[in-house]
1. Regarding region 113-128, can at least one residue be identified that is modelled with pLDDT of 85 or more, in contact with a helix residue (DSSP H, G or I) (Cβ under 8 Å, 6 or more places away or on another chain) and closer than 20 Å to LEU65 by Cα?
2. Can you name the strands (runs of 3 or more DSSP E) wholly within region 284-377 that have at least 3 residues being closer than 16 Å to LEU259 by Cβ?
3. Suppose the filter is of a type in the set (Val, Ile, Thr), modelled with pLDDT of 80 or more and open to solvent by less than 30 Å² (accessible area, probe 1.4 Å); does THR86 pass it?
4. Here's a check for you: in region 260-283, which residue that is modelled with pLDDT of 80 or more and under 18 Å from GLU309 (Cβ atoms) is nearest to the chain's Cα centre (by Cα)?
5. What are the pairs, 6+ residues apart or on separate chains, where a residue within region 152-171 that is under 15 Å from LEU355 (Cα atoms) has its Cβ under 8 Å from a residue that is of a type outside the set (Phe, Trp, Tyr) and open to solvent by 70 Å² or more (accessible area, probe 1.4 Å)?
6. Between a first residue in region 358-371 that is without any contact (Cβ under 8 Å) to a residue 60 or more places away in the chain and a second residue that is hydroxyl-bearing (Ser, Thr, Tyr) and open to solvent by less than 60 Å² (accessible area, probe 1.4 Å), which pairs have beta carbons less than 7 Å apart while being 6 or more apart in sequence or on different chains?
7. Under 8 Å between Cβ atoms, which residue pairs at least 6 apart in sequence (or on different chains) link something in region 272-285 that is over 23 Å from GLY332 (Cβ atoms) and open to solvent by less than 60 Å² (accessible area, probe 1.4 Å) with a partner that is in a loop (DSSP other than H, G, I, E, B) and not acidic (Asp, Glu)?
Amino acid sequence: MNAAYLMLRYLTVVVAGVASILMSDRVTDEALYVMLLLVLLLVMRLRDRFENREGFRAFPLPFLLETVALAAYGWQYGGLLPLAVTAALYTPPERSDDFLQRATLAGIAMNAAAWTRFTVELLTAANLTYAAIVLLLMHIRKTAVDRGEIEALYIQLQTRNRELEEARRTALDYASKVQELAQLEERNRIAHDLHDELGHRLIRLKMMLEAAIRIDGGRGEAMNLVREVRDQLAGAMDALRSTVRRLKPAEAARGEYSLETLIGELAGTSGAAVRFRAVGASYPLYPSDAIVLYRNAQEAVTNALRHGEATEVTVELEYAPEELRMTVSNNGAVPEGGELRKGLGMLGMEERTRLVGGRLEVIAGERFAVRTILPRR
C-alpha cells in the first residue's frame, strides 16, 4: 500500500477515537483509552506488514483480528468508534479476490458495535456512509489496478522498444559488415581480372615488340617508335602491378570471418579441445552467410565452454547441395529435461540466422549441439 492509502487508513481510526472522547460519556480513563487506541494502531500496522507479504495475501486471520478488535473497542466506548471498523477495508489495491466478503463482514461488525450505541437515524446514516466508503474504495482499487496494468504495459513497451533498437543496431552492424566484405570480394575479383586478363595481354604485346626489335636488328625510325611503345608498355605494366597490389584486400581482412581462424584462436586460448572439419565440396560463401556462421560458431563454442563446462567441442561445416549446415557439438552438461533456457546469446543466434533466411536447431542428445542451417545462394 502506498503512503496516502495508509495515512487514510490510520486517520480514520484516530479521528473516530478523538471524536469519541468528545462525544461519549463512557471514556472515564483517558490515558487507558489512548493506550488502547495506540494498541489498535499497532495491530493495524502489523496486519499491513503481513498483507504486503506474498505468503499472507490469501490469509484472512489478520483481517479478522483487526475487525474484531475495532468492533470490540467501538462497543466498549461508543461514540463514533464503530465507524472506525471501516478502516479494516483498506487493503492493498491489487487484492480483489475477497473484497466484497470482507466488506460484508466489516459491515456486520460495525452494526453489531453500534446497535445499542446509535439511534435509528444515526445507524441509518452510518450504514449509508459505510456503503459510500465501500463504493469509493472499490473505485480506488479499480483505478489502482488499471494504473498498475498501464504501468506494466508501459514497461513492456519500453522493453520492446529497447529490443527493437538493439535489433536495429545489430541489423545496421550486419549491413555494414556485409557491405565491407562485399567490397573486399569485389576488389579481389577486379584485381584478379586485371592481373589475369589485362596483365597477360600487355605481357604478350611487350614480348611481340621485343621480338620485332630483335628481328629488325634495331634499324630505322620505325624501330625507335617500337622501342618507345615498348617502354610505355613497361611503364603501364608497372602501374598495373601497383594498382593490383592496392586493390587486392589484405589477407587479414579477407580472413576476418574465417571459421578456421576462429577455431585456431579458441583452441589456443580456451584450454579445451576445439576442432573444425568441413564435409562435402566447398563453394564460395555469400558475405552475410560468412558473418552469420562466424558469429554463431563463436557464440556456440563460448556457451559450451562457459555454461556447459565442455572439454571437447567440434565445429562441422557441411556443404550440402541445397543448404549449408554448421553443427557445433560438445561433451558438456546437457540442460535438465532437454529444455534450453534461451539467453541473449541464443536469441541473437536465432535472430542472425533468421535475417539471412535460415533457421537454428538445438539438439539435446548424447552430445549437446546447436545447428545453423542456411540456404545455398
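The values are calculated or read from the model by the stated rules, or taken from the named source; none is laboratory data. Only a predicted model underlies this, so the values are computations on that prediction, with no experimental measurement involved. Cβ placement follows ideal geometry from the backbone for every residue including glycine, while neighbour counts extend to all protein chains displayed. Heads up: the accessible areas ignore ligands, DNA and RNA and are worked out on the full protein's heavy atoms, side chains in. Shrake-Rupley method; radii C 1.70, N 1.55, O 1.52, S 1.80 Å.
1. yes
2. In region 284-377, 312-319, 323-330, 368-375 are the strands (runs of 3 or more DSSP E) which contain 3 or more residues that are closer than 16 Å to LEU259 by Cβ.
3. yes
4. So, considering only residues that are modelled with pLDDT of 80 or more and under 18 Å from GLU309 (Cβ atoms), the one nearest to the chain's Cα centre (by Cα) is VAL274.
5. Close Cβ pairs (under 8 Å, with a partner that is of a type outside the set (Phe, Trp, Tyr) and open to solvent by 70 Å² or more (accessible area, probe 1.4 Å)) amount to ALA171/LEU355.
6. Final answer for the pair search is ARG359/THR353; ARG367/SER329; ALA369/THR327; ALA369/SER329; ARG371/THR327.
7. GLY280/ALA320; TYR283/ARG376
Conditions (1) over 30 Å from MET110 (Cβ atoms); (2) at pLDDT 80 or above, marked per residue:
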position: ILE133; (1), (2): no, yes
position: LYS142; (1), (2): no, no
position: GLN158; (1), (2): yes, yes
position: ALA167; (1), (2): yes, no
position: GLN179; (1), (2): yes, no
position: GLU186; (1), (2): yes, no
position: LEU198; (1), (2): yes, no
